[in-house]
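Before any comments, here is the structure.
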Amino acid sequence: MRSKTMAEKSANEFYATPLEASLLAKPLMTPGIKWWEPCAGDGGISQAFPNEIVYQSDVNVMMPGVHQADVLTCDKPEGITGLITNPPFTLGHEIVSRGLFEWKIPVLVLMRVEYMSGKNRLDIRKHLTKMHIVSDLIKFVRDDGTHINGNGTGRCAWMLFEPDVVAENVEMKWVLYPEKTK
C-alpha cells in the first residue's frame, strides 16, 4: 500500500528530463510500439519522440496536450503497447509493476542504477532485459533553476523491462551523455 499518492510524490520529485538524456532512450524503443509517457511533466521525453509517444499524462498537467491521470490508478489508454517515463523515484517500482504485471506491456524507464539493487525489487528486476547506463551524471534542472545531478548523486540508466521475458542476464551498455544540444 502506498503511503502517499502519486500527486503528493510528484510535487517533490519533479525533475525535468533534459533532451540529451531523453534521446538516449531511442535504441531501446522497439519500433511499432505505441508508447505512453505517464509522468510527462513538462513533456521532455514526448518532445524528443513525437512520432513514437502517442499519449501523455501526469497528475500535475504542466503543458497543453497532456492528460490528467494517475498511472497508478487510471485505466491504460486504449491502443497503448508500452510505457516510457522518468518516474518519481519512490514510485518507480509501482509504475514498472503495473505495466509489467497488470497491463503486460514493456516499460522503459530512466532511473538510478542503485535503485534496482534492492531485494524488494526482484519481482521486476527479473524482467529487466536491457540497461543503458548514462556515462555522466544527468543535469536535471528543478523549477527553481537549481541543478541536480543524476537525481541526486546516483548514476542513471534507461532500463527496459519486458513482461514476457525472464532475463538470465541483463544486456548492459554504457551510453555517452552528450553536451547540451544547441
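The values are calculated or read from the model by the stated rules, or taken from the named source; none is laboratory data. Since the model is a prediction, treat every value here as computed from it, not as a measurement. Heads up, the Cβs are rebuilt from the backbone with ideal geometry, glycines too, and the neighbour counts pull from every protein chain shown.
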All but one of (1) in contact with a strand residue (DSSP E or B) (Cβ under 8 Å, 6 or more places away or on another chain); (2) surrounded by fewer than 14 Cβ atoms within 10 Å (Cβ to Cβ) hold for Asp75, so report the exception by its number. (1)
Under the condition of being assigned to a helix (DSSP H, G or I) and among the small types (Gly, Ala, Ser), which residue from the stretch 75-97 is nearest to Asp42 (Cα to Cα)? Gly92
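Do you know which of the residues in the stretch 118-139 that are among the polar types (S, T, N, Q) and either assigned to a loop (DSSP other than H, G, I, E, B) or modelled with pLDDT of 95 or more (or both) is surrounded by the fewest Cβ atoms within 10 Å (Cβ to Cβ)?
Within the stretch 118-139, the first condition is being among the polar types (S, T, N, Q), and the residues that meet it are 120, 129, 135.
Remaining after also requiring either assigned to a loop (DSSP other than H, G, I, E, B) or modelled with pLDDT of 95 or more (or both): 129, 135.
On the way: Thr129: 17, Ser135: 12.
Among those residues, the one meeting the criterion is Ser135.
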In the stretch 92-117, the residues that are farther than 14 Å from Cys39 by Cα, at pLDDT 95 or above and in contact with a Gly (Cβ under 6 Å, 6 or more places away or on another chain): Ile105, Pro106
Of the numbered conditions (1) without any contact (Cβ under 8 Å) to a residue 24 or more places away in the chain; (2) closer than 22 Å to Gly32 by Cβ, Gly65 fails exactly one; give the number of that condition. (2)
State whether the residues of the stretch 159-171 include one that is within 14 Å of the chain's Cα centre (by Cα) and either of a type in the set (Val, Ile, Thr) or more than 19 Å from Lys34 (Cβ to Cβ) (or both). yes
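Please work out which residue is nearest to the chain's Cα centre (by Cα), limiting yourself to the stretch 68-92 and to residues that are among the polar types (S, T, N, Q) and more than 17 Å from Ile124 (Cα to Cα).
Start the filter on the stretch 68-92 by keeping residues that are among the polar types (S, T, N, Q), which leaves 68, 73, 81, 85-86, 90.
Then drop every residue that is not more than 17 Å from Ile124 (Cα to Cα), which leaves 68, 73, 81.
Values: Gln68: 17, Thr73: 17, Thr81: 15 Å.
Across the stretch 68-92, the extreme among qualifying residues is Thr81.
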I'd like to know if the stretch 3-10 contains one or more residues that are aliphatic (A, V, I, L, M), outside any loop (DSSP other than H, G, I, E, B), surrounded by 18 or more Cβ atoms within 10 Å (Cβ to Cβ) and modelled with pLDDT of 95 or more. no
Looking only at residues in the stretch 36-72 that are surrounded by 20 or more Cβ atoms within 10 Å (Cβ to Cβ) and of a type in the set (Phe, Trp, Tyr), which one is farthest from Thr90 (Cα to Cα)? Tyr55
List every residue pair whose Cβ atoms sit under 6 Å apart, with the two residues 6 or more apart in sequence or on different chains, where the first one lies in the stretch 24-41 and is at negative phi and touching a residue at least 60 places away in the same chain (Cβ under 8 Å) and the second, anywhere, is among the hydroxyl-bearing types (Ser, Thr, Tyr) and assigned to a loop (DSSP other than H, G, I, E, B). Ile33/Thr81
Hits in the stretch 47-60 - residues which are outside any strand (DSSP E or B) and in contact (Cβ under 8 Å) with a residue 12 or more places away in the chain: Gln47, Ala48, Phe49, Glu52, Val59, Asn60
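With assigned to a strand (DSSP E or B) and in contact (Cβ under 8 Å) with a residue 40 or more places away in the chain as the only criterion, which of Leu72, Leu100, Leu160 stands out?
Numbers: Leu72 fails: assigned to a strand (DSSP E or B); Leu100 fails: assigned to a strand (DSSP E or B).
Result: Leu160 is the single residue among Leu72, Leu100, Leu160 that is assigned to a strand (DSSP E or B) and in contact (Cβ under 8 Å) with a residue 40 or more places away in the chain.
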